[in-house]
Amino acid sequence: MQPSLLRLIPRGPTLLALGVLLGLVCPALADLARPLMPATIFLIVLGTLLRIDGEAVVAALRRPSLSVLLPAIVMVGCPLMIGATGRAAGLAPELALAIVLAVSAPPSSGTAAVARMLGLDGAVPLVVTVLSMVLAPVTIPLLAGWFGGLEISAFELALRLALLIGSAEGLAFLLRRHAAPILAAHGDVVDGTIVAALLVFAVATMAGIRAQIAADVQGATLCVALAFACNVALQIAGAVLLPGTLPERLTVGLILGNRNVGLVWSALGAAASPRMALYFAATQFPIYILPRLIETLIGRDKRKARA
């Protein structure tokens with residue numbers, strides 16, 4: 001393919017946003033990609049572990065504000081704040097519970113990869129995501145029971161997360177130990193695999209959504225609006241939470257806003273009502289569309305710095 005044509009191919013956050021729209025426009029493609037979701041999540045986590053500098057991860061772990069305070073805010077502070085806001089706003093209990101449960105999920109598995117795609121620090125999202133997943137089997141069942149009287153198995157959550165993180169970390173360790181030169185020489189291939197996995201995942205998240213929207217247009221519109229409002233509010237809160245440069249604050253915003261809602265969704269099973277499922281699906285829109293806007297903010301900040 002000619003270089004001039006290659007420049008026309010969308011990249012990075014634009015590609016992710018188009019992936020969501022593609023899955024919405026082509027339901028058959030989204031249905032085809034849906035069974036691939038577990039494999040794509042594994043590839044995203046594995047690829048991110050391979051591309052993140054180990055020293056940067058250790059440095060993040062040594063900062064209590066990132067290794068202790070931020071996971072606590074993500075997994076406890078944010079759900080409590082959103083839950084109180086939802087009740088004060090008079091939202092329907094079913095929808096308010098869906099929002100709380102979505103925010104009680106740990107950061108999205110792809111957050112570190114998206115951060116690297118935007119030129120941000122990928123080590124911090126990786127550390128906070130893993131530590132939040134350690135807290136998830138305790139905090140999610142407690143929040144589900146407190147706000148909605150729902151029962152979620154802490155053991156099943158812990159087992160699912162241990163399999164995901166443990167297998168990815170184990171394989172990443174073996175690859176780093178026995179194939180470090182190859183990984184260093186073909187880093188672009190690993191990055192390309194992460195982007196491809198993110199794209200397939202974005203398409204797959206739209207499976208069944210078009211039919212749900214057609215069946216309840218008003219409800220779907222409300223869910224999408226609330227999903228964007230919640231994500232943006234959390235990202236703004238994250239951007240002002242810790243001092244630092246704009247890229248550092250945007251990284252924290254991504255961590256707070258983008259959640260692994262599918263984890264809570266699958267844990268609920270049949271207990272998730274159609275309206276709750278519709279909101280969970282709607283949360284995918286801001287996760288994959290907002291990074292394109294963040295990329296624009298970063299570009300403006302860089303242009304100002306050069307001026």
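The values are calculated or read from the model by the stated rules, or taken from the named source; none is laboratory data. None of these values were measured; they are calculated from a predicted model. So basically every Cβ, Gly included, is an ideal-geometry build from the backbone, and we count neighbours across all protein chains shown. The protein model used for the area step is the full one, side chains on, heavy atoms only, and it has no ligands, DNA or RNA in it. Shrake-Rupley method; radii C 1.70, N 1.55, O 1.52, S 1.80 Å.
Brief remarks on what is shown
- Condition check for residue 134: surrounded by fewer than 20 Cβ atoms within 10 Å (Cβ to Cβ), among the β-branched types (Val, Ile, Thr) and over 26 Å from residue 62 (Cβ atoms): no
- Restricting the stretch 242-270 to residues that are open to solvent by 60 Å² or more (accessible area, probe 1.4 Å) and either among the aromatic types (Phe, Trp, Tyr) or under 20 Å from residue 119 (Cα atoms) (or both), the residue that is modelled with the highest pLDDT: 249
- Pairs with Cβ under 8 Å, 6+ apart, first in the stretch 118-130 and more than 23 Å from residue 166 (Cα to Cα), second of a type in the set (Ser, Thr, Tyr): 120/251
- Residues in the stretch 1-52 that are in a loop (DSSP other than H, G, I, E, B) and either modelled with pLDDT under 85 or open to solvent by 70 Å² or more (accessible area, probe 1.4 Å) (or both): 8 in all.
- Within the stretch 173-207, considering residues that are outside any helix (DSSP H, G or I) and small (Gly, Ala, Ser), the one surrounded by the fewest Cβ atoms within 10 Å (Cβ to Cβ): 179
- Under the condition of being under 14 Å from residue 143 (Cβ atoms) and either of a type in the set (S, T, N, Q) or out of contact with any helix residue (DSSP H, G or I) (no Cβ under 8 Å at 6 or more places or on another chain) (or both), the residues counted in the stretch 82-96 number 1.
- Condition met for residue 101 (open to solvent by 10 Å² or more (accessible area, probe 1.4 Å) and over 14 Å from the mean Cα position of the chain (by Cα)): no
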